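The values are calculated or read from the model by the stated rules, or taken from the named source; none is laboratory data. Values in this document were obtained by computation on a predicted structure and should not be read as measured data. Cβ: placed from backbone, ideal geometry, glycine included. Neighbour counts: every protein chain shown. Note: areas computed on protein heavy atoms with side chains; ligands, DNA, RNA excluded. Shrake-Rupley method; radii C 1.70, N 1.55, O 1.52, S 1.80 Å.
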Amino acid sequence: LTTERGAALAPAIVAATASVHHVPPGRVDEIAGDLLDAGAGGDLIVALGGGRVVDTAKALVAAGAGARTAAVPTTLSAAEMTRAHRPARGWERAGELRFVRPAIVLNDPALCASQPVPALAASAGNALAHAIEGPLTPRSSPVPAMAARRACDLIGAAFAGDEPDRDALALGALLSGYTIDSTSYGLHHVLSQTLVREAGAGHGPANAALLPHTARALAARFPGGVRD
């Protein structure tokens, strides 16, 4: 599974696969449902792309279309580090609904932080939100909190120069994904996903736009939990 941009970034991966499916814009549950109807699947489903591509691959495996998935991220979504995804259409009420985390993650900074700067900044806002929100949930624990602090430092400093530090952004996103997978989501991501699904906003821009406001709300709920 990939997009035109993902395929152009890593043609060797595309060339080594048995078949290629380009993931269109839209909702993961609908895309995954369409791919299931088309018979997509395989022993290993490789997701080369951003969060929509990775989440679609996870949904396919959860629905039994593959044994496992490998993720090669091309954005800072950190979807490759989590078990969170929408179920494929038709599987929402399955008796034993599964949620899948990729079995293999290849995080190459040259790919993960490859977006043009405006899109990269929005994607970084999403990663930063993972790192801020994760430690401020009831399931937080010391190790994910330490990963979150490191992610905040990396992402926060990555845009300080004339050019973004893409290596730092890739590592920060990976750590932020580990954090949010360990702690689960809260106020910020609930509101961001609502904005995406109900208003059609882009996922990265929605997170970046809401974060200054949701961070203040989280700081009020968890005094001392959000650093300046």
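Taking the Cβ of residue 203 as the centre, find all other residues whose Cβ is under 14 Å away and add up their charges (Lys, Arg: +1; Asp, Glu: -1).
+2
Take peptides 137-148, 38-49 and line them up by average Cβ neighbours within 10 Å, highest first, as a rough protection proxy. Mind showing how you got there, number by number?
On the way: 137-148: 15.8, 38-49: 18.9.
In descending order of packing, they fall as 38-49, 137-148.
Quick one, which of [x] -0.32, -0.41, -0.84, -1.51; [y] -0.34, -0.43, -0.84, -1.35; [z] -0.42, -0.50, -0.87, -1.32 is the actual log10 I(q)/I(0) by the Debye sum over Cα atoms at q = 0.09, 0.10, 0.14, 0.18 Å⁻¹ calculated for this model?
Comparing each candidate, only [y] matches the computed number.
Compute the separation of the alpha-carbon centres of the range 170-221 and the range 107-159 and state it in Å as a whole number.
Measuring centre to centre over Cα atoms gives 10 Å.
Amide H of residue 47 versus every other amide H placed in the peptide plane: which residues, excluding those fewer than 5 positions away on the same chain, fall under 5 Å?
Counting only residues 5 or more places away or on other chains, the set is 70, 71, 72.
Return one number: the angle in degrees, 0 to 90 and rounded to the nearest 10, between the long axis of the Cα atoms of helix 166-183 and the longest principal axis of the Cα atoms of the chain.
Around 90 degrees separate the two axes.
Kindly write out, for the range 63-72 in residue order, the coupling ³J(HN,Hα) from the Karplus curve 6.51 cos²θ - 1.76 cosθ + 1.60 (θ = phi - 60°), rounded to whole Hz, with x marking Gly and Pro.
8, x, 7, x, 7, 6, 10, 10, 10, 10
Over the chain, give the accessible area per residue in Å² for a 1.4 Å probe, as an integer. Can you show the working numbers first?
Values: 10870 Å² over 228 residues.
Per-residue accessible area for the chain comes out at 48 Å².
Going by average Cβ density within 10 Å per residue, which order do the peptides 174-183, 78-87, 149-158, 23-32 take, highest to lowest?
Numbers: 174-183: 25.2, 78-87: 23.7, 149-158: 20.1, 23-32: 17.9.
My ranking of the peptides, most packed first, is 174-183, 78-87, 149-158, 23-32.
Divide by every residue of the chain the summed helix terms, -39500 (n - 2.57) for each DSSP H run of at least 4, and state the resulting mean residue ellipticity at 222 nm, rounded to the nearest 500 deg cm²/dmol. Could the numbers behind the result be given before it?
Details: 10 runs with 120 residues, N = 228.
-16500 deg cm²/dmol, from helical runs alone.
Only Lys, Arg, Asp and Glu count, each charged at its Cβ (+1, +1, -1, -1), so figure out the dipole size of the range 132-228 about its Cα centre, rounded to 20 debye. Write out the running numbers ahead of the final one.
Details: 8 positive and 9 negative charges, 88 e Å.
Charge dipole of the range 132-228: 420 debye, to the nearest 20.
For the chain, which whole percent of the accessible surface, found with a 1.4 angstrom probe, sits on carbon and sulfur atoms? Could you put the intermediate results ahead of the total?
Numbers: 6210 of 10870 Å².
Whole-percent figure for carbon plus sulfur exposure: 57.
List every residue whose amide H lies under 5 Å from the amide H of residue 42, counting only residues 5 or more places away in sequence or on a different chain, with H placed 1.01 Å from N in the peptide plane.
Here 66, 67 satisfy the definition.
Explain nothing, just compute: Karplus ³J(HN,Hα) = 6.51 cos²θ - 1.76 cosθ + 1.60, θ = phi - 60°, for every residue of the range 120-132 in order, whole Hz, x for Gly and Pro.
Running phi through 6.51 cos²θ - 1.76 cosθ + 1.60 with θ = phi - 60° gives 4, 5, 5, 5, 5, x, 5, 4, 4, 5, 4, 6, 6 Hz.
What is the helix-to-structure angle for 28-37, meaning the angle in degrees between its Cα long axis and the longest Cα principal axis of the chain, kept from 0 to 90 and rounded to the nearest 10?
Between the helix axis and the principal axis of the chain, the angle is about 10 degrees.
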